[in-house]
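See structure below.
The values are calculated or read from the model by the stated rules, or taken from the named source; none is laboratory data. Model, not experiment: these values are computed from the prediction. Here the Cβ is made from the backbone with ideal geometry for all residues, glycine too, and neighbour counts use every protein chain on show. Please note that ligands, DNA and RNA were not included when accessible areas were found on the heavy atoms of the full protein model with its side chains. Shrake-Rupley method; radii C 1.70, N 1.55, O 1.52, S 1.80 Å.
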Amino acid sequence: MIGIEQRCAVVGYGSWATAIVKILTENGIKVNWHILNEEILSSVKSEGRNCKYLRDVDLDNSLINASNDINEVVRDTQNVVLAMPSAFMKDVMKPLIEPLHDKLVISAVKGIIPEQYITITEYITQQYAVDEDHMALITGPSHAEEVGMGRLSYLTAVCKNKQAQQQVIDMFSRPYIRVSTSEDVEGVEYGAIMKNIYAIAVGMASGLGYGDNFIAVLIANCAAEMNRFFEACSGGKHNTFASACLGDLLVTCYSTYSRNRRFGLLIGRGCTVRSAMNEMTMVAEGYFATKCIRHTKARQEAEMPIADMVYEVLYNGASARRTMTALTKKLI
């Protein structure tokens with residue numbers, strides 16, 4: 001287990017960032033926590049809790065240094081965990097002048113950089129000169145709410161460097177957290193991105209009144225569509241589908257905690273895309289992912305009717321009911 005002398009930066013203050021801080025501090029790791037929301041920053045400092053996300057989780061304030069200055073947070077740390085919505089990544093990171101190349105950077109972000117259509121790991125390695133051996137992912141299947149309650153959860157530590165991989169395992173392992181490993185950075189990262197798109201599709205179907213029989217077929221087709229995308233990316237070389245991709249897909253599509261499923265559910269029940277977004281208290285990453293995946297090279301080579309259906313509804317104003325009806329004729 002990593003000793004208390006280790007210090008880790010966590011950038012982000014939502015549910016997943018809060019769950020990560022809980023895990024790290026329970027393991028005796030000192031955390032520099034970057035929090036831009038002044039109300040949350042105050043509640044963490046004074047009460048040892050996040051007043052907006054995972055409000056019932058008590059945090060060990062003796063191990064937390066919370067600040068709205070990203071350079072103060074990153075300075076003098078060995079590891080940096082990124083845990084904010086991908087749509088805000090560039091703005092949050094823009095003030096950073098402290099170097100990252102000498103640290104292990106761990107992405108807990110499940111999205112793509114908007115308009116650039118590149119993954120988080122691609123952005124960090126390019127923008128901050130971080131070697132791929134110093135870049136890792138920590139991903140599900142898991143929801144922050146259940147981690148906050150200490151329910152048994154499974155995470156995947158993804159890194160091409162074995163030593164860094166072990167470091168992530170040590171940081172995130174708890175009696176209620178089992179950590180498996182993978183070296184398939186691209187496959188796992190794209191899987192984490194795409195499952196949010198499919199959760200929106202499942203939410204739409206549920207909101208439109210489709211039953212369990214159809215939902216099961218829809219998710220099975222989502223899994224097949226992900227595989228086709230992976231094959232287009234690298235000729236089928238990706239090897240991490242069971243827990244990190246399929247498990248993450250299932251929990252995001254079925255769970256009541258899934259913000260992307262809820263986003264789709266609202267649209268299926270008749271909300272406009274804009275009103276559904278306004279009703280959400282947290283960012284639905286699948287909204288941005290849908291557009292980004294649409295523009296990737298692999299998308300042009302893979303048959304992806306479900307992702308296309310979601311795109312038509314979200315970005316072209318298509319009727320959720322009509323597009324879902326058309327989709328039902330394409331599933332097998």
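Restricting the stretch 170-188 to residues that are closer than 18 Å to THR18 by Cα and either in contact (Cβ under 8 Å) with a residue 40 or more places away in the chain or among the β-branched types (Val, Ile, Thr) (or both), which is surrounded by the most Cβ atoms within 10 Å (Cβ to Cβ)? The extreme case among them is MET171.
The residues of the stretch 155-169 that are in a helix (DSSP H, G or I) and in contact (Cβ under 8 Å) with a residue 60 or more places away in the chain, listed by number, are ALA164, GLN167, VAL168.
Determine the pairs where a residue that is free of Cβ contacts under 8 Å to residues at least 24 places away in the same chain and more than 14 Å from LEU250 (Cβ to Cβ), located within the stretch 211-225, has a partner that is open to solvent by less than 40 Å² (accessible area, probe 1.4 Å) and among the basic types (Lys, Arg) with Cβ atoms under 6 Å apart, the partner being 6 or more residues away or on another chain. Short answer, once both residue conditions are applied: none. Residues satisfying the criterion are absent from the stretch 146-165 (criterion: open to solvent by less than 10 Å² (accessible area, probe 1.4 Å), at pLDDT 95 or above and under 26 Å from LYS90 (Cα atoms)).
On the basis of being open to solvent by 10 Å² or more (accessible area, probe 1.4 Å), of a type in the set (S, T, N, Q) and assigned to a loop (DSSP other than H, G, I, E, B), does GLN126 make the cut? So that I can check it myself, show each step before the final result.
Working: open to solvent by 10 Å² or more (accessible area, probe 1.4 Å): yes; of a type in the set (S, T, N, Q): yes; assigned to a loop (DSSP other than H, G, I, E, B): no.
So GLN126 fails the test.
Please tell me if ASN27 is in contact with a His (Cβ under 8 Å, 6 or more places away or on another chain) and surrounded by fewer than 21 Cβ atoms within 10 Å (Cβ to Cβ). The answer is no for ASN27.
The residues of the stretch 289-332 that are modelled with pLDDT under 85 and loosely packed, with under 15 Cβ neighbours inside 10 Å, listed by number, are HIS295, LYS297, GLN300, GLU301. Test GLY209 against the criterion of being over 27 Å from ILE20 (Cα atoms) and at pLDDT 85 or above, and give yes or no. So GLY209 fits the description; yes.
To keep it simple, each residue is scored yes or no on (1) among the small types (Gly, Ala, Ser); (2) under 20 Å from THR252 (Cα atoms); (3) assigned to a helix (DSSP H, G or I).
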| position | (1), (2), (3) |
| --- | --- |
| THR290 | no, yes, yes |
| GLU303 | no, no, no |
| ARG321 | no, no, yes |
| LEU327 | no, no, yes |
| ILE332 | no, no, no |
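Could you go through the stretch 244-258 and let me know if any residue there is more than 19 Å from the chain's Cα centre (by Cα) and open to solvent by 20 Å² or more (accessible area, probe 1.4 Å). Looking for residues that are more than 19 Å from the chain's Cα centre (by Cα) and open to solvent by 20 Å² or more (accessible area, probe 1.4 Å), one finds none in the stretch 244-258, hence no.
Select from the stretch 215-268 the residues that are among the polar types (S, T, N, Q), part of a helix (DSSP H, G or I) and at pLDDT below 95 and list them in ascending order.
Pass one, the stretch 215-268, residues among the polar types (S, T, N, Q): 221, 227, 234, 239-240, 243, 252, 255-256, 258, 260.
Imposing the further condition that a residue be part of a helix (DSSP H, G or I) reduces the set to 221, 227, 234, 243, 252, 260.
Hits for the stretch 215-268 are ASN227, SER234, SER243, THR252, ASN260.
For the stretch 73-102, the candidate set comprises residues that are among the charged types (D, E, K, R) and under 21 Å from the mean Cα position of the chain (by Cα); within that set, the residue that is least open to solvent (accessible area, probe 1.4 Å) is LYS90.
For a quick check of your reading: which strands (runs of 3 or more DSSP E) sit entirely within the stretch 1-78 and have at least 1 residues that are free of Cβ contacts under 8 Å to residues at least 60 places away in the same chain?
Details: elements: 7-11, 30-34, 64-67.
Answer list for the stretch 1-78: 30-34, 64-67.
Checked against the criterion of being open to solvent by 10 Å² or more (accessible area, probe 1.4 Å), over 26 Å from THR25 (Cα atoms) and of a type in the set (A, V, I, L, M, F, W, C), the candidates ILE118, ILE112 yield just one match: ILE118. Residues of the stretch 259-272 that are under 14 Å from the mean Cα position of the chain (by Cα) and open to solvent by less than 40 Å² (accessible area, probe 1.4 Å): ASN260 alone. Within the stretch 273-282, can one find any residue that is open to solvent by 40 Å² or more (accessible area, probe 1.4 Å), in a loop (DSSP other than H, G, I, E, B) and modelled with pLDDT under 90? Yes, the stretch 273-282 contains at least one residue that is open to solvent by 40 Å² or more (accessible area, probe 1.4 Å), in a loop (DSSP other than H, G, I, E, B) and modelled with pLDDT under 90.
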